[in-house]
Amino acid sequence: MTLADLLNTLESADMLRIIKGDEEIFVGYLALFAPEVGHTNCKLYEQYKFDEVVKFRTVPEITHRKWKELNLMSPLRPDETPDFKFQELQMKLYYTIYI
């Protein structure tokens with residue numbers, strides 16, 4: 001299955017983390033990566049769309065919402081407002097795709 005084939009099964013609001021070899025090439029919403037869901041500047045998509053997917057995982061990210069103040073590990077996207085709060089925790093779900 002190619003990256004393009006897999007992305008066609010997901011929704012625009014899904015969070016992605018795409019890794020090629022040891023390099024993280026994209027972290028963010030599918031809508032910002034693929035032209036089919038509305039984004040027009042898709043150089044990364046065009047570059048990698050025919051690459052074979054070697055592994056696909058659903059990875060939850062649970063971090064403290066005050067991670068910065070407490071000197072804790074940063075979430076993958078620290079600029080984002082937390083979607084969910086469990087007292088002092090926040091959770092995001094990423095589809096991690098290895099190509």
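The values are calculated or read from the model by the stated rules, or taken from the named source; none is laboratory data. Since the model is a prediction, treat every value here as computed from it, not as a measurement. Cβ placement follows ideal geometry from the backbone for every residue including glycine, while neighbour counts extend to all protein chains displayed.
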Only one of these conditions is not met by residue 22: (1) on the phi < 0 side of the Ramachandran plot; (2) modelled with pLDDT under 85. Which number is it?
(2)
Considering only residues that are among the hydrophobic types (A, V, I, L, M, F, W, C) and surrounded by 12 or more Cβ atoms within 10 Å (Cβ to Cβ), look in region 43-55 and name the one that is modelled with the lowest pLDDT.
44
Within region 1-31, restricting attention to residues that are farther than 14 Å from residue 53 by Cβ and either of a type in the set (S, T, N, Q) or exposed (fewer than 14 other Cβ atoms within 10 Å of the Cβ) (or both), which residue is farthest from the chain's Cα centre (by Cα)?
22
With respect to residue 40, determine if the residue is exposed (fewer than 11 other Cβ atoms within 10 Å of the Cβ), at pLDDT 75 or above and polar (S, T, N, Q).
no
